[in-house]
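Beneath this line is the structure, given in structure tokens, with notes to follow.
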Amino acid sequence: EHRSHRRLELQARDDMAPLQKDARFNDKNGTGETDAEDGKAQGEGGGNLTACRSIIFENPVNLLLLVVPVAMYATFAKWSESAIFGLNFVAILPLAGILGAVTELLAQSVGDTLGGLLNATFGNAVEMILAVFYLRKGPSQIDVVQGSLLGSILSNLLLVLGMCFMCGGAKFHVQTYNANGARLQAALLLLSVLALVMPSLASMTTRHHGPETDLWISRGAAIILGIIYIMYLYFQLGTHPEAFVSEHADEEEVTMGPKCAIFLLVIVTLLVAYCSDGLVDSMEGMIERCGISRSFIGVILLPIVGNAAEHATAVTVAMKDKMDLSLGVALGSSAQIALFVVPFTVLVGWAMDVPMSLKFQPVKTGIMLLTVLIVGNAISDGESNWLEGAMLLAAYFLVGVTFWFIDDAKRPPQQHASSWG
């Protein structure tokens, strides 16, 4: 028995000898690089090319990339403000989608913890960049920043989720998803509503001392919301990941090396920043020329810029009966904006000495509260159908009509119509 084991061991060693020789002596130009290592490098390079091709060519929204150089030249050459606004608005649409896709690929390559932080930082980079550029203009643009943040949350909760429910429900009788994670994200959104309500409630007390008190309440609330968001990330990635597990997590994923992803992230972020600068600078002229409400631009139009590609992805996967992924986009993005981007803008305003506060107009706070309550009720059972989607879309259209008419800066209808002539 011992001899037979010895014979098998020697035979295995003889079989492995050619492979060891190939690995030891198949050197490229004396650098010590083996065929296996070279193949790994070629595989990584091929993976980067495949990922870039997938990001750019698989999303039809990216056809609008052709507008990016035109928009940049329009800003540089100082074309009319309405042309600059329109071109930069269209140019940011595909750039925002690419920025989100590259961020996700980079997050996959660096692990769950760092990946979660990257998604938090760059997942809503367009909203943060626009907010910073608007705050640079001073206190006069605070209402636009507040409107864009509110609009991003509303568009995710009502427009995107409604489209997902309706388009998916038109194809499938009933769709199911993980209700535990959805309910938790709805509760976090309700907490953020409380932070928005507190400054307004404080102004009703007899001991209220004016806007300065609102500002300090907002800054304290921003810090608390930021801490809760960090705890939420730890809960999602560390202690309770099962609450957010998708039933369709077994698909083949596109991968990209971290160096290539960081390079693309920097380039796309710079392009977004340049186009955002042109968009912000031309907005006032756009309002004066076309008579569009400032509230409508902030709540309805600007959120479309940062979320269009993401919205299209959510609806596409909903039509494939992957509702966990769709809710991850709609509710997850809303939670990120409410708990991370909103506090970020308050703290950035603090650093810039701009009185950015959480005291939104009462109509905005009320709409936010009712939206969170409606969505929380719709998702609580873990099932969706097309009628629930239609109701959420109807709520979004009601919001759009409201913000079209409530702004005092909007011109009379006859002037608005003639301004396009």
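The values are calculated or read from the model by the stated rules, or taken from the named source; none is laboratory data. These figures come from a predicted structure and were not determined experimentally. Cβ sites come from the backbone with ideal geometry, for glycine too, and all protein chains shown count toward neighbours. Please note that ligands, DNA and RNA were not included when accessible areas were found on the heavy atoms of the full protein model with its side chains. Shrake-Rupley method; radii C 1.70, N 1.55, O 1.52, S 1.80 Å.
Some values worked out for this structure:
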{"quantity": "Options Glu104, Glu58, Glu81; residue that is over 18 Å from Val329 (Cα atoms), among the acidic types (Asp, Glu), at pLDDT below 85 and open to solvent by 30 Å² or more (accessible area, probe 1.4 Å)", "calculated": "Glu58"}
{"quantity": "Qualifying position, being closer than 27 Å to Phe403 by Cβ, modelled with pLDDT of 85 or more, open to solvent by less than 60 Å² (accessible area, probe 1.4 Å) and not aliphatic (A, V, I, L, M), among Ser148, Ser203", "calculated": "Ser148"}
{"quantity": "Subset of the stretch 107-124 [open to solvent by less than 10 Å² (accessible area, probe 1.4 Å) and either of a type in the set (Phe, Trp, Tyr) or modelled with pLDDT of 75 or more (or both)]", "calculated": "Asn124"}
{"quantity": "Residue in the stretch 195-210 that is under 20 Å from Leu370 (Cβ atoms) and either touching a Cys at 6+ places or on another chain (Cβ under 8 Å) or among the small types (Gly, Ala, Ser) (or both) present", "calculated": "yes"}
{"quantity": "Residue check for Leu398: assigned to a helix (DSSP H, G or I) and open to solvent by 50 Å² or more (accessible area, probe 1.4 Å)", "calculated": "yes"}
{"quantity": "Conditions (1) of a type outside the set (S, T, N, Q); (2) at pLDDT 85 or above; (3) open to solvent by less than 10 Å² (accessible area, probe 1.4 Å); number of the one not met by Cys167", "calculated": "(3)"}
{"quantity": "Which listed residue, of Ser418, Ser384, is hydroxyl-bearing (Ser, Thr, Tyr) and modelled with pLDDT under 90", "calculated": "Ser418"}
{"quantity": "Residue under evaluation Asp407, criteria (1) modelled with pLDDT of 85 or more; (2) open to solvent by less than 50 Å² (accessible area, probe 1.4 Å), criterion not met", "calculated": "(1)"}
{"quantity": "Residue check for Gly306: within 18 Å of the chain's Cα centre (by Cα), open to solvent by 10 Å² or more (accessible area, probe 1.4 Å) and modelled with pLDDT under 85", "calculated": "yes"}
{"quantity": "Residue that is nearest to the chain's Cα centre (by Cα), among those in the stretch 284-303 that are open to solvent by 30 Å² or more (accessible area, probe 1.4 Å), more than 30 Å from Val197 (Cβ to Cβ) and not basic (Lys, Arg)", "calculated": "Glu284"}
{"quantity": "Residue list for the stretch 170-187, filter: open to solvent by less than 20 Å² (accessible area, probe 1.4 Å) and in a helix (DSSP H, G or I)", "calculated": "Ala179, Gly181, Ala182, Gln185, Ala186"}
{"quantity": "Members of the stretch 257-280 found to be open to solvent by 50 Å² or more (accessible area, probe 1.4 Å) and either over 19 Å from Arg136 (Cβ atoms) or not in a helix (DSSP H, G or I) (or both), listed by number", "calculated": "Pro258, Lys259, Ile262, Phe263, Val266, Ile267"}
{"quantity": "Selection from the stretch 206-240 of residues that are at pLDDT below 85, open to solvent by 50 Å² or more (accessible area, probe 1.4 Å) and over 20 Å from the mean Cα position of the chain (by Cα)", "calculated": "Thr206, Arg207, His209, Pro211, Glu212, Thr239, His240"}
{"quantity": "Candidates Val144, Val160 - the one that is in contact with a helix residue (DSSP H, G or I) (Cβ under 9 Å, 6 or more places away or on another chain) and under 16 Å from Gln361 (Cα atoms)", "calculated": "Val144"}
